[in-house]
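What follows is a single structure, written as structure tokens, with notes after it.
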Amino acid sequence: MRIGSEGDHIVGAKKRGAIDSLTFAHEQGLEGVFFKGILDVSPTLDLGELREAKAHADSLGLYLEAGVGRVNPYNTAESPAVRKLGGGDYRKAVIMMIEANREIGCTELWAETATFKRDHDKFFVFDRFRTDAPWEDQLAATAKFLSSLRPVLTDLGCRINVETHEEISSFEVARLCETVGPDIVGCTFDTANVLARGEVPMESARRLAPYTHTTHIKDGILLFTEQGMAWQFRPIGQGVIDWDDVIGVLAAYKPDLNLSLEDSNGIMGVQIYDPAWHASHPDLTAVELAQYVQLGKGCEDRIARGEILDPQAYLAIPMEEKQLPNAQASKAHLMAILEKRGLRPEVAATV
């Protein structure tokens with residue numbers, strides 16, 4: 001297993017192109033970059049630009065992963081650049097992106113089912129709770145759209161890996177994989193986003209390990225609020241996730257899985273006191289939710305003992321001051337586990 005970064009979370013990512021991001025990742029001792037969309041590598045899918053980025057990654061010994069963006073038809077209007085790419089035909093644009101990825105050897109492709117709406121209230125930040133489009137309808141439309149891509153995915157030997165983004169549960173991602181077929185649909189396992197759905201990450205890993213081909217790696221703490229609970233990003237090893245357990249579970253299915261770090265600010269509410277929230281999570285058991293609450297109690301105890309910063313003190317540190325230290329701490333924590341388990345490339349090569 002190699003440790004890299006998700007492209008949007010490279011320090012200064014908004015000002016860097018793909019080449020600069022790859023160079024910076026290498027300089028920081030990271031081993032690859034996961035560009036969410038292939039358009040982040042080349043906005044026009046210019047083959048020259050794409051091949052230059054891949055050659056640069058290869059010259060530095062880095063992995064390069066990319067994706068195709070949104071695959072929920074109820075959400076694709078929020079990607080006007082993609083629709084424009086296809087001349088108004090969104091599906092055509094997705095096929096063009098699949099083909100462009102294949103040109104540079106990217107066959108495990110990232111996708112998401114929605115976006116996080118920061119300016120909305122309560123749980124309406126998630127498309128899961130839209131009242132004009134029931135979530136089950138959105139999932140069915142997503143499965144139908146993914147199924148329509150089967151011929152091109154099969155022909156090119158590619159797979160679309162749906163992220164455990166904040167709006168979708170691990171149960172639902174697993175069902176998408178089985179419904180459409182795990183040969184063309186898998187999972188990008190975001191280890192902390194499942195906290196938004198009231199799930200215990202270690203249990204989510206067990207549900208999704210057979211389908212996981214790409215990752216977003218981050219940790220988080222849980223807190224009690226007036227509406228139930230909330231979670232906040234933290235460096236790897238400083239949150240609720242048992243990383244030795246999660247790495248072991250994932251490695252059992254894919255020992256060469258790339259681990260792409262993410263980091264962010266903010267606190268996200270989880271309204272477990274609201275009956276409407278519970279009605280939207282029919283798969284979540286009382287036992288797992290109780291374990292989730294127990295994890296929150298552990299975080300509050302650690303804060304009280306001064307073992308980890310309280311949420312507001314953590315937020316008060318500017319992101320530009322903690323992003324690099326967080327990445328290095330996260331990498332060190334993961335590296336120790338990988339070396340212990342013999343999951344480093346150089347270790348595996350000698351076994």
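The values are calculated or read from the model by the stated rules, or taken from the named source; none is laboratory data. Every value quoted in this text rests on a predicted model; they were computed, and no experiment measured them. Backbone-built Cβ (ideal geometry, glycine too); neighbour counts: all protein chains shown.
Some observations on this one:
- Hits in the range 318-350 - residues which are among the β-branched types (Val, Ile, Thr) and either under 23 Å from the mean Cα position of the chain (by Cα) or modelled with pLDDT of 95 or more (or both): Ile337
- Strands (runs of 3 or more DSSP E) within the range 1-82 that include 1 or more residues at pLDDT below 95 and surrounded by fewer than 21 Cβ atoms within 10 Å (Cβ to Cβ): none
- Residue in the range 134-152 that is surrounded by 20 or more Cβ atoms within 10 Å (Cβ to Cβ) and outside any helix (DSSP H, G or I) present: yes
- Cβ-Cβ under 6 Å pairs, at least 6 apart or on other chains, the range 121-138 side over 19 Å from Thr164 (Cα atoms), far side crowded, with 17+ Cβ neighbours inside 10 Å: Ala133/Tyr74
- For first residues located in the range 70-85 and farther than 9 Å from Ala114 by Cα, partners that are of a type in the set (Phe, Trp, Tyr) and modelled with pLDDT of 95 or more and lie 6+ apart or on another chain with Cβ distances below 9 Å form the pairs Pro73/Tyr90; Pro73/Phe145; Ala77/Tyr90; Ser79/Tyr90; Val82/Tyr90; Arg83/Tyr90.
- Annotation: of all residues in the range 177-210 being in contact with a strand residue (DSSP E or B) (Cβ under 6 Å, 6 or more places away or on another chain) and free of Cβ contacts under 8 Å to residues at least 40 places away in the same chain, the one that is nearest to Arg234 (Cα to Cα) is Cys187.
- Answer residue from the range 241-279, given it is farther than 16 Å from Val125 by Cα, among the small types (Gly, Ala, Ser) and over 18 Å from the mean Cα position of the chain (by Cα) and is surrounded by the fewest Cβ atoms within 10 Å (Cβ to Cβ) among those: Ala279
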